[in-house]
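What follows is calculated from the coordinates using simple rules that are stated; it is not laboratory data. Here the structure is a predicted model, which means the values were calculated and not measured. Cβ: placed from backbone, ideal geometry, glycine included. Neighbour counts: every protein chain shown.
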Amino acid sequence: MGTVPFFRFYRKNGTVPKLPEFMGVINLVTIKSKREIELMREACRVASLAQTAIEKAIKPGISTYELDKIAENTIRANGGIPAEKGYPSGVRGVPDFPGSICASINDEVIHGIPSKRAILKDGDIISIDLVAYKNGYNGDCARTYIVGNVPDSTRRLVEITKQAFFEGIQYAKKGNRLGDISHAIGSFVEKNGYSVVKEFQGHGIGTQMHEDPGIPNYGKAGRGIRLEPGMTLAIEPMVIMGKSNILQLDDGWTIISEDGSLAAHYENTILITEKEPEILTII
Ligand code: MG
């Protein structure tokens, strides 16, 4: 899941959503101990297992409700809890998140709610974002999957989004600044003719799903906090094929592209080390 740095978008019916309460929580950037890193590693392993199970199940005809159950069962079978389930909306009248995964199809960017009525068909893309909580720590990852046959233009969007993550983490090294990562992601995406979502961003992660720092997918190199070994960060490019503007559906959760163009999402939880970053949600 991504955090919300500020609101620049409006609900489809034209009302401005209220700032969620959790936005008022100020965290500090946490540096994890060796013991905590092992616990993070395990939570991330469970999250990764759930993505693998989903990847195997993706096919035309399956509903996002069924994918949700596959993820939940995998996480629970491995001693974890699906942390997105019951995540507070922080907005009056909007229920807590009902699913174990966010399942966002085609022009849905993030935070799609799993449903028996949302059935995958040939040519779709679907972004699955999930968080496993185990032994007090969270592991967060997202993938965009291709359903059956898609045009090359769609495949390219999915590949560029994934590559944007890897462009970003080239800078996820001790002594670099956070803005180096953000800049690498944003400039790579734009160079390839797509847009990054500006209203949602990556984040620190640990005992809380969302910790400081916020990690935008755009920005200036050389700005922001310095990276230190022991930081665990969820880096998550959210990319729209067309313009960057987004809307929120009336369910209070689902974010779609305003122009109706396709969107993709790719995320891993990483660890800053003395040398190269470690990707904890790829096993
Ligand atoms: Mg996240």
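Where only DSSP H runs of four or more residues are counted, the chain gives -8500 deg cm²/dmol as its mean residue ellipticity at 222 nm, each run worth -39500 (n - 2.57). Taking 32 Å as the limit for the C-alpha separation, the pairs Lys59/Lys173; Lys69/Lys220; Lys34/Lys59; Lys85/Lys243; Lys59/Lys220; Lys220/Lys243 exceed it in the case of Lys59/Lys173; Lys69/Lys220; Lys34/Lys59; Lys59/Lys220.
Sites count as exposed loop sites when they are trypsin sites (Lys or Arg not before Pro), lie in a DSSP loop, and have at most 16 other Cβ atoms within 10 angstrom; the longest stretch of the chain without one is 19-91. Taking Cα centre as origin and charging only the Cβ of basic (Lys, Arg, +1) and acidic (Asp, Glu, -1) residues, the dipole magnitude of the chain rounds to 240 debye.
A simple spin-label model places the labels of Asn135 and Ile282 2.4 nm from each other, with each point 7 Å out along Cα-to-Cβ. Shown in residue order for segment 66-78 are the 3J(HN,Hα) couplings computed by the Karplus curve 6.51 cos²θ - 1.76 cosθ + 1.60 at θ = phi - 60°: 5, 5, 4, 5, 4, 5, 4, 4, 5, 5, 5, 4, 9 Hz (x for Gly and Pro). Residue by residue, segment 212-228 carries 3J(HN,Hα) couplings of 5, x, x, 10, x, 8, 7, x, 9, 5, x, 9, x, 5, 7, 7, 10 Hz when phi is fed to the Karplus relation 6.51 cos²θ - 1.76 cosθ + 1.60 (θ = phi - 60°); x denotes Gly or Pro. Residues whose amide H comes within less than 5 Å of that of Gly112, counting only those at least five positions distant or on another chain, are Ala103, Ser104, Ile255 (H built at 1.01 Å from N in the peptide plane). Name the shape class, rounded, prolate or oblate, that the alpha-carbon gyration tensor gives for segment 34-279, where a ≥ b ≥ c are the square roots of its eigenvalues, rounded holds for a/c under 1.5, and otherwise prolate holds if a/b is larger than b/c and oblate otherwise. Since a/c reaches 1.5 but b/c is at least a/b, the shape of segment 34-279 is classed as oblate. The 3J(HN,Hα) values that the Karplus relation (6.51, -1.76, 1.60; θ = phi - 60°) gives for segment 130-144 are, in residue order, 9, 10, 9, 10, 8, 6, x, 10, 10, x, 10, 8, 9, 9, 9 Hz. Gly and Pro appear as x.
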